[in-house]
Amino acid sequence: MKKAIFYFTILLLFSTCKKESLYKVATPTFSPTDTSHFVSAEVTINCETEDAAIYYTVDGSDPTRSSRRYLNPVTIESSTTIKAFAVRSGMEDSRIASKIYSIDAAVEWQILYGGSEDDEFNSIQQTSDGGYIAAGSSSSTDIAGTTNHGENDCYVVKLSSDGETEWQKLYGGNGYDCAYDIKQTGDGGYIIIGASTSADISGTTYRGEEDCYIIKINSGGDIEWQNLYGGNGYDHANYIKQTDGGGYLTAYLSRSSSTDNYTIKIVELNSDGSVASTKSYYGLSSCFDDEEYARFVEVTDDGGCIITGALAYQIPGNSYYSRPWRVFIVKLDSDAGKEWQQATDALCPFSDGGIHDMIQTSDDKYFLIGRAEESDVDDGYLIKVNSGGSITSELTFGGSGNDCLNSISSAGSGYYITSGYSYSTNIGSTTNSGSSDAYLMNFYSTGSIRWQQLYGGSSIDYFNSALKTSDGGYIAAGSSFSDDISGTSYHGSGDGYIVKISSD
């Protein structure tokens, strides 16, 4: 009898243990259930099984007991696949739960501008009335209300807050004219800087090859004054700003002297466009042992400037175009004296020197962006430089195709908005719509991405300028060759392209 009771007890214990071991932990659930968010999402993971431990991944891989254990809500700041499972001693592990959270910048409106020929925007700014002003170039002869002056004109469009055209103007002469930057001035008008090869612009003297072209217009787009600056060679400026005294400050690259390399000119203008002062730097060729070619210059808050360009690796027998080039950076003070110089190991195209834009931070650091050559393709490129000229980090962005960053501006405390283009089909959870899409990326000062998104249609699309707007959203401008962008009317051969993105 005792023996029978013993065996029965063993059988009961075995049956109980077997039943408990086969009992499965509840599958984890995610909150919020809405998977589409603008900038970020705080994701909580729950399990109905009491005292169960949850493990998760955010890279799309299946989690294991060695994965990260869930203790606090997970912050998702870029499109992410999150997976989780739960475990408890004596119970069978749960099934793996999975959810994709999409971080997207929603389009409020997108519009194409211009005529039947090539049109593009290089700069966009928000205006004091809540609208926008965009500047670039046009070779179209059929833009409503405008007169084309020659091969290519500076193209400026004033927009309402919802993108409707209030007025549009073409400026220039019989040559090639283009606007690179536009700023609203204290009197409600605008200052424009660009380039010109025209010899017949009213009230100006053309000096040769390419001159810096500056136009002051009133709030309605009428010319108050316009001037050409430079010498008999190539003179090129990227940006202009108004000074506290009502004048203007710019810097430009000049090859109008007898030397082969560039002279750097820091020029202050009076409010009427006359030259108040010019400071020149002739020592660029002595900064480095190798050959260097300046490609970009921008004034800094102290009245000096940053110059960047392409620096050659000395490889005997290689031509200019076949030898590798790397990015160089030179900082000048307000008297055009050199403060520091730096060179990177990143390879860059000879044609543009790799750097396309720069922003100075509140603590006198510099973020420079552009493109770097990586394994036969271009990546979006960011260099962070401290006030003394030391490079603190170099980062690349994008996917497996050619990617490029063209502009950078502040998007709030500690983060930035960049614009450019991408040929990649594997940037996060974005969808490439065609050959090249216009690319927006929002990132923290550390370089980590908040969100990134592609815009456009089935052909070539790109952004040259983007900024945060007063409503907390974003505006971006560039060009599009796509005739199938939702809600737009394509005019032909490349249109100016502007997209308004919803607020954070």
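Taking every alpha-carbon pair in segment 52-94 and binning the separations at 5 Å intervals from zero gives 5, 24, 29, 23, 11, 5, 2, 0 percent.
The angle separating the long axis of helix 2-21 from the principal Cα axis of greatest extent in the chain is about 10 degrees. Calculated over segment 19-103, the projected area of the Cα convex hull averaged across directions stands at 5.1 nm². The Rg/Rh ratio for segment 237-297, using Cα coordinates for both the radius of gyration and the Kirkwood hydrodynamic radius, is 1.05.
Comparing Cα centroids, segment 166-197 and segment 386-443 end up 27 angstrom apart.
Evaluating kT/(6 pi eta Rh) at 20 °C and 1.002 mPa s, with the Kirkwood radius of segment 103-249 over Cα pairs in the Stokes-Einstein relation, gives 137 µm² s⁻¹. Once the other residues with Cβ under 10 Å from the Cβ of residue 493 are scored (Lys, Arg +1; Asp, Glu -1), what is the net sum? Local net charge: -4. In segment 356-402, the C-alpha radius of gyration followed by the widest Cα-Cα span (Dmax) gives 11.9, 36 angstrom. Peptides 355-367, 400-412, 198-210 ranked from most to least packed by the mean count of surrounding Cβ atoms within 10 Å: 400-412, 355-367, 198-210. Shown for segment 379-452 is the translational diffusion coefficient from the Stokes-Einstein equation, using the Kirkwood radius over Cα pairs, a temperature of 20 °C and a viscosity of 1.002 mPa s: 167 µm²/s. What is segment 104-180 by shape, rounded, prolate or oblate, if you read a ≥ b ≥ c off the alpha carbon gyration tensor as root eigenvalues and call it rounded for a/c under 1.5, prolate for a/b larger than b/c, and oblate otherwise? Because a/c hits 1.5 or more and a/b exceeds b/c, segment 104-180 counts as prolate. Peptides 222-234, 413-425 ordered by packing proxy, namely the average of other Cβ atoms within 10 Å per residue, highest first: 413-425, 222-234. Peptides 42-53, 441-452, ordered by how many other C-beta atoms sit within 10 Å of their residues on average, highest first, read 441-452, 42-53. Its Cα gyration tensor gives segment 161-208 an equivalent ellipsoid. The semi-axes, each the square root of 5 times an eigenvalue, are 25, 13, 10 Å from largest down. Cross-link pairs exceeding 23 Å between alpha carbons, from the set 338/468; 158/331; 183/265; 365/500: 338/468; 158/331; 365/500. Residues whose amide H falls under 5 Å from that of residue 400, counting only those 5 or more places apart or on a different chain, are 425, 426, with hydrogens built in the peptide plane. Note: the chain, Cα convex hull, 182 Å³ per residue. Both the radius of gyration and Dmax for segment 388-504 are 14.4, 49 Å, in that order, over alpha-carbon atoms. Under a 5 Å amide H cut-off, with hydrogens placed 1.01 Å from N, residue 465 pairs with 477 among residues at least 5 apart or on other chains. By its C-alpha gyration tensor, with a ≥ b ≥ c as the square roots of the eigenvalues, how is segment 278-409 shaped: rounded for a/c under 1.5, else prolate for a/b larger than b/c, else oblate? Oblate is the answer for segment 278-409, as a/c is 1.5 or above yet b/c matches or exceeds a/b.
Over every Cα atom in segment 203-248, the radius of gyration and the widest Cα-Cα span, Dmax, amount to 12.1, 33 Å.
All of the numbers you see were taken from the coordinates with simple rules; none came from a lab. Worth saying up front: this structure is predicted, and the values here are computed from it rather than measured. Every residue, glycine as well, gets a Cβ built from its backbone with ideal geometry; the counts of neighbours run over all protein chains shown.
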